[in-house]
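As C-alpha cells, the structure follows; a few thoughts come after it.
No lab work stands behind these numbers, since they all come straight from the coordinates. What you see is a predicted model; the values in this text were computed from it and never measured. Methodologically, a virtual Cβ is constructed for each residue, glycine included, from the backbone with ideal geometry; neighbour enumeration extends over all protein chains shown.
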Amino acid sequence: MNNRFKDHFSKDSTAYSQYRPGYPPDLFEYLASLTKTRHIAWDCATGSGQAAYQLAGYYDRVIATDASSSQIAATTSHDNIDYRVATAEQSGIDDASVDLVTVAQALHWFDLKAFFDEVRRVVKPGGVIAVWSYNLLKIAPGIDPVIDRLYHDTLQGYWPEERERVERGYGDIPFPFTPVSTMPVFSMTADWSLPHLLGYLGTWSAVQRMIQETGHNPVEQIGQALTRIWGDPDKPRPVAWPLSIRVGYNP
C-alpha cells in the first residue's frame, strides 16, 4: 500500500455515497466511443462507485479500485464490477489489459508520475485515459455567494494544497498522453432539496477537517442563512457543476 495515500473521506463513506452528485450519462457514452474494444475499464479511486456503475453499461468488465476499504465497502454491487482495495499507483491489474481508465474528481491526490507510469503499464496500446474534476456548484444568485464564502473564507486554511489543482481544472498537470482532437462540453446537473445540499457540503474534506480540529461545523451555520433564502427546504432546486476533462490515448 502506497504510504502517500491521504485519506480524506473514509470517516464518513456512507454520507459520501449518499450526497455526492452523479456524472452525466452522455460522458460515458462518449468515452466508450473512443475505445477500439470494450472489454475492461478501470475506474481508479472509484469512491463509492458512481462512475464505475455507469461504465458497467458499456464494458464487459469494470475494475473499480480505491485505496480506502471504507469507500469500497459503501459501493453498490454489480454483476460485472470487480471492486478492489488498491492504490492508484499500484493497481495490481495485468499489463496491457485495459481499454479505458477513468479518474473522477481524484487525480489531485495521486503521485502523478507513478500513476501515469501505472496507466501506461496496464492500458492497451491505443487505449484511453480520461480524468475530470469539478469545482464549485451553481444554484441561484442569492445562494451561490453564501457557498462561495464558505469555500473561500470560512474554510481558508482547511483545504489541502492539492485542492488548487481542482480549482485550475487540472489544466496545469502534465498529461503524457496523446490528447483527443475535440472534446464536447459536459456538466453535472441535479435537483436537490436544501437538506441534500447541506449533506453534500458536509462531505467536503475541508469541512471534515475543520470539524476535527475545532469541533465547529460551518455547514450548520450557513444552513440558517440558506434556509431564509431557499424557502421551503424540501423544494428541489436545479444544481450544476461544469466538468473540466482531459482525455488522451496511450501510445
Next item on the list: Please find the FRET efficiency linking ALA140 to HIS78, where r is the Cβ-Cβ separation and R0 is fixed at 41 Å, and quote it to the nearest 0.05.
Entry: 0.70
Checklist line | Extension gain, GLN18 back to HIS39 (0.36 nm per residue minus Cα-Cα distance, nm) | finding: 4.6 nm
Notebook entry, point to check: Among GLY127, GLY202, GLY22, whose mean-square fluctuation peaks in a Gaussian network model of the chain (Cα, cutoff 10 Å)?
Noted result: GLY22
Item checked: Under 5 Å, built H, 5+ apart or other chain: amide partners of ALA96 -> VAL122, VAL123
Notebook entry, point to check: Given springs between every Cα pair under 10 Å in a Gaussian network model of the chain, which of VAL123, VAL131, VAL185 has the largest fluctuation?
Noted result: VAL185
Item checked: Per DSSP, loop trypsin sites (Lys or Arg not before Pro) in the range 32-99 with at most 15 further Cβ within 10 Å -> LYS36, ARG38
Next item on the list: Based on the mean of other Cβ atoms within 10 Å per residue, sort peptides 139-145, 216-222 so the most packed one is first.
Entry: 216-222, 139-145
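Just check the range 38-112 against the gyration tensor rule for me: Cα atoms, a ≥ b ≥ c as the square roots of the eigenvalues, rounded for a/c under 1.5, and otherwise prolate or oblate depending on whether a/b exceeds b/c. Before the final figure, lay out each step's value.
Working: a/c = 1.56, a/b = 1.13, b/c = 1.39.
Oblate, because a/c is 1.5 or more while a/b does not exceed b/c.
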Margin query: If you take every DSSP beta bridge fully contained in the chain, what fraction is antiparallel? Give it as a percent rounded to 5.
Written below: 45 percent
Check: What list of ³J(HN,Hα) couplings, whole Hz, do you get for the range 73-83 from phi and the Karplus terms 6.51, -1.76, 1.60, once you set θ to phi - 60° and write x for glycine and proline?
Finding: 5, 8, 6, 9, 5, 8, 4, 10, 10, 9, 7
Next item on the list: Provide, for the chain, the number of lysine pairs with alpha carbons under 22 Å apart, each pair being eight or more places apart or on different chains.
Entry: 4
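Given charges of +1 on the Cβ of Lys and Arg and -1 on the Cβ of Asp and Glu, with all other atoms neutral, how large is the dipole of the range 108-251 about its Cα centre, in debye to the nearest 20? All intermediate terms of the calculation are to be shown ahead of the outcome.
Numbers: 14 positive and 16 negative charges, 91 e Å.
Magnitude of the dipole: close to 440 debye.
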Next item on the list: Using +1 at the Cβ of each Lys and Arg and -1 at the Cβ of each Asp and Glu in the chain, identify which of THR227, ALA74, GLY215 lies farthest towards the dipole's positive end.
Entry: THR227
Check: Of ALA41, PRO251, SER91, which is farthest along the charge dipole of the chain in the positive direction, counting Lys and Arg as +1 and Asp and Glu as -1 at C-beta?
Finding: PRO251
